[in-house]
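Read through the structure below, which is laid out as structure tokens, and then see the notes.
The values are calculated or read from the model by the stated rules, or taken from the named source; none is laboratory data. Values in this document were obtained by computation on a predicted structure and should not be read as measured data. All Cβ positions, even for glycine, are placed from backbone atoms using ideal geometry, and neighbour counts span all protein chains on display.
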Amino acid sequence: MRFITNAAFSIVILAFCAFAVQADDAKVHRVSIQVDQNDPAVMNLALNNASNIIAEYRDRREEVEVEIVTYGPGLHMLREDTSPVKDRIKHIKEASFPAKIQFSACNNTKQGMEKKEGHAISVVPEATVVSSGAVRLIELQEKGWTYLRP
């Protein structure tokens, strides 16, 4: 009887090890989405893409990371005072867990807008300011992220 117990224990350990190796080898899907236009339709399309990607991989029980990078006129997407989609951004950020979604705002564009408009510009709380939106996209692609432009 002891042999069966030891054999069963060994099978359980082997199955656990195989699962652990498989989990370590699981691919994390990563996509960067560019928004460079001050167009609510483009902004909503980017958010739709992000939501659909997250939902698809959630259904597959696979990990996904999404980063929406804004620069140029697209920075309006993440501006506190001019964003036509800030309520959707908040909702998507809150609903995306366990997927990771990040919103990146180009500081070069932000500084240019501040200089032109003569006042400080705030971004939505869900956004992170990066030094350069274009450089951020390059760096993500160099790290193997998929690039998407709606």
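Scan SER104, SER122 and give me the residue that is surrounded by 16 or more Cβ atoms within 10 Å (Cβ to Cβ), under 17 Å from LEU75 (Cβ atoms), small (Gly, Ala, Ser) and at pLDDT 95 or above. Let's see the steps before the verdict.
Details: SER122 fails: surrounded by 16 or more Cβ atoms within 10 Å (Cβ to Cβ).
Selected residue: SER104, the only one of SER104, SER122 that is surrounded by 16 or more Cβ atoms within 10 Å (Cβ to Cβ), under 17 Å from LEU75 (Cβ atoms), small (Gly, Ala, Ser) and at pLDDT 95 or above.
So in segment 85-107, with the set limited to residues that are over 20 Å from VAL42 (Cβ atoms) and assigned to a helix (DSSP H, G or I), which one is farthest from the chain's Cα centre (by Cα)? Among them, the one singled out is ASN107. For segment 70-84, name all the residues that are surrounded by 14 or more Cβ atoms within 10 Å (Cβ to Cβ) and farther than 14 Å from VAL42 by Cβ. Hit for segment 70-84 is ARG79, nothing else.
Of all residues in segment 47-84, those satisfying the criterion of being in a loop (DSSP other than H, G, I, E, B) and under 24 Å from SER132 (Cα atoms) are TYR71, GLU80, ASP81, THR82, SER83, PRO84. Mind checking whether some residue in segment 116-132 is assigned to a strand (DSSP E or B) and under 12 Å from the mean Cα position of the chain (by Cα)? Looking through segment 116-132, at least one residue is assigned to a strand (DSSP E or B) and under 12 Å from the mean Cα position of the chain (by Cα). Please list, ordered by first then second residue, the pairs with beta carbon atoms under 9 Å, 6 or more apart or interchain, first in segment 123-150 and of a type in the set (Asp, Glu), second surrounded by fewer than 13 Cβ atoms within 10 Å (Cβ to Cβ). Sorted first by the residue in segment 123-150, then by its partner, the pairs are GLU126/GLU94.
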